[in-house]
Each structure stands twice: as C-alpha cells, then as structure tokens.
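Visitor: Take a look at this one; I'll ask things after.
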Amino acid sequence: MDNDPLLIELLDFFKIKSGSSGFFRISTDNFKENEFDELLKSNNLFNEKNIIVCDYLSEGKSVFSFVSKKLKQCASSENIFIFLEEDLDEKVLKLFEKETKKIEECKLFVGVKLKKWVNDELLKQEVKVDSILADKLIKECGSDLWCISKEIERYVLSGQ
C-alpha cells in the first residue's frame, strides 16, 4: 500500500464506516477489463464492501477510455472506488464531476504551510520546535507527511 497519509486515513475511514474487508489496487500495469467489471458488481461472501483504489488510470489511454465509460457504475456500485489522479485536464475533471458522487482535491503542503505542519507535529510529540530540525526533515522527506511523521517518531524514540 502507498505511504500516502491521506490515502491511509481515507482507507481506514472506509474500513470502519462500511465494514469493508476486501482491498484491491488497480494501475495501468495490472488493469484487466473483465476484473474491473467484476469489481463493479461483486460483493464478498459476507456482503461487506470492497475498496478499490485506482492509481492514475487516466495515464493509460485505452484503460481510461474503458474506465470513463464505467464511472457512473462505479458511483452506484456497492463497492467503494477511489481514483487517485494527478493534474487532470479540465475535460477529464468535468467527466469525474458529472459521473461520480464526490471529488476531493488534495494539494501537497509546501513552503510556509509545510513548515507549520512540521512544527505542529514536533509540538504534538513534545519536541522543542527547532528550525534546523524542521528544515532537515523537510529536506529529507519533501512534502511526504508520512515520512516526516515517522522521522519525528524516530527522533523522539532515540531520545535526542
């Protein structure tokens, strides 16, 4: 599974809320039309929902051509379909807005917002806010909040 903290939080939310147990990850590398169709209509043995994360399917033209025709079915499926995309063009974004139930745009923290987030995390972990430490964490991890939080945890556990 991806180390994206937002995706992890979203998956945890759906697992708790819907009692979902099945998890599927689809990319253009492992995409099969018949398997996608099966996920649109299938439930597992105990009528729990499956979570299907679709990674950047818009990058594969033939894959996205197929999937775009199935977006309405994704929205009405008993299963939960999560589409991770980056930099969608306006036409594709409008298609998602028209055919799906909810769109959430998540932008990476950068600059001042990222530094504030790091400082807030340091305070939560009861680490004295240190500009040098915050800069070091940002340099090592970039905008990867999960990586930063793990580095802070490691720093706390090492007792520095």
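Visitor: Calculated FRET efficiency, K94 and N34, Cβ-Cβ r, R0 22 Å, to nearest 0.05?
Guide: Values: r = 28 Å, r/R0 = 1.28.
Computed FRET efficiency for K94 and N34: 0.20.
Visitor: In the chain, what percent of the accessible surface is made up of carbon and sulfur (1.4 Å probe, ligands and nucleic acids excluded)? Mind showing how you got there, number by number?
Guide: Values: 5680 of 10970 Å².
C and S fraction of accessible area: 52 percent.
Visitor: Evaluate the distance, in nm, between pseudo-label points positioned 7 Å from the Cα of S42 and of K139 along their respective Cα→Cβ axes.
Guide: 4.9 nm
Visitor: Note down the nm distance, to one decimal, between modelled labels 7 Å out along Cα→Cβ at E78 and at D12.
Guide: In this crude spin-label approximation the distance works out to 2.8 nm.
Visitor: Given 0.36 nm per residue, what is the gain on full extension from D87 to S131 after removing their alpha carbon distance, in nm?
Guide: Numbers: separation 44, 0.36 × 44 = 15.84 nm, distance 3.20 nm.
Answer, rounded to one decimal: 12.6 nm.
Visitor: Taking the solvent-accessible surface of protein heavy atoms with a 1.4 Å probe, what is the per residue accessible area of the chain in Å²? Let's see the in-between values first.
Guide: Values: 10970 Å² over 160 residues.
Computed with neighbouring chains in place, this is 69 Å² per residue.
Visitor: Additional query: Ranked from the most accessible area to the least, with a 1.4 Å probe and all protein chains present, what is the order of I103, I152? Please list the in-between numbers first.
Guide: Details: I103 75, I152 5 Å².
So the residues, ranked largest to smallest area, are I103, I152.
The values are calculated or read from the model by the stated rules, or taken from the named source; none is laboratory data. The structure presented is a predicted model; accordingly, all values stated were derived computationally and were not measured. Reconstructed Cβ throughout: ideal geometry from the backbone, glycine too, with neighbour counts over all protein chains shown. Only protein heavy atoms, including side chains, enter the accessible area calculation; ligands, DNA and RNA are left aside. Shrake-Rupley method; radii C 1.70, N 1.55, O 1.52, S 1.80 Å.
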